[in-house]
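Taking it in order: structure first as structure tokens, then the write-up.
The values are calculated or read from the model by the stated rules, or taken from the named source; none is laboratory data. Since the model is a prediction, treat every value here as computed from it, not as a measurement. Every residue, glycine as well, gets a Cβ built from its backbone with ideal geometry; the counts of neighbours run over all protein chains shown. Note: areas computed on protein heavy atoms with side chains; ligands, DNA, RNA excluded. Shrake-Rupley method; radii C 1.70, N 1.55, O 1.52, S 1.80 Å.
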Amino acid sequence: MAPPPSEPAATGSVITLTVNGEKHTLPVDHRATLLDVLRERLDLTGTKKGCDQGQCGACTVLVEGRRAVSCLQLAVAAEGREITTIEGVAQGGQLHPVQQAFLDLDGFQCGYCTPGQICSALAVLDEHAAGWPSAATADVRPDAGVPPLTAEEIRERMSGNLCRCGAYVSIVRAVERAAEATAAPAGTTAAGKEAVA
């Protein structure tokens, strides 16, 4: 006899996920990915299922402000962490500057990869503002300061997100514009947090 839906099975647990600022308590199978729980249990279908192998970036969300491919993360491992999906990026009906830049500069074609691209771009801006180097950064010495956010830097930092339509040129331009729009005073990230020294 199967347990009632409100109780977890022997291979599951009742967990609480904080998604876009809202808490959701639900029973989940220990093997369920964060992607499947977001889409199938919480009806947050903006996060897309692409390759289901962590290769395409379509399922990228932010976990504690850092990018995560949700198809590879177990939902139970996300308990107690703040998760942001594409549905939680805009505030009060106002598009985030990254979303607006993608819209203005046609940083999408079919739109399937766009939620993951936008979530990744948000993390890129914060990582860059905090001074994190990339494989394209010429001078990675700590005292070198924040490298310029060139098109080469953006391409390298966004390389985990594939666009099968090939809108890469517009995506790079959109990230450049969003970087200008979200530029924070020296010593802070785009989210207004102090940069790590």
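Tabulated data for the structure shown
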read-out	value
Whichever residue in the range 142-166 is more than 21 Å from Gly57 (Cβ to Cβ) and touching a Pro at 6+ places or on another chain (Cβ under 9 Å) and, among such residues, is most open to solvent (accessible area, probe 1.4 Å)	Ala144
Residues within the range 167-197 that are open to solvent by 30 Å² or more (accessible area, probe 1.4 Å) and modelled with pLDDT under 95, tallied	16
Residue check for Gln99: of a type outside the set (A, V, I, L, M) and open to solvent by less than 30 Å² (accessible area, probe 1.4 Å)	yes
Whichever residue in the range 81-91 is within 10 Å of the chain's Cα centre (by Cα) and part of a strand (DSSP E or B) and, among such residues, is surrounded by the most Cβ atoms within 10 Å (Cβ to Cβ)	Ile83
Within the range 27-49, considering residues that are under 14 Å from Gly116 (Cα atoms) and of a type in the set (Ser, Thr, Tyr), the one most open to solvent (accessible area, probe 1.4 Å)	Thr45
The range 50-80 - residue that is assigned to a loop (DSSP other than H, G, I, E, B) and crowded, with 21+ Cβ neighbours inside 10 Å and, of those, farthest from the chain's Cα centre (by Cα)	Gly50
For Gly116: the one exception among (1) part of a helix (DSSP H, G or I); (2) buried (at least 18 other Cβ atoms within 10 Å of the Cβ); (3) over 18 Å from the mean Cα position of the chain (by Cα)	(3)
Evaluation of Arg31 against (1) modelled with pLDDT of 95 or more; (2) part of a strand (DSSP E or B); (3) farther than 15 Å from Val61 by Cβ (one fails), failing number	(2)
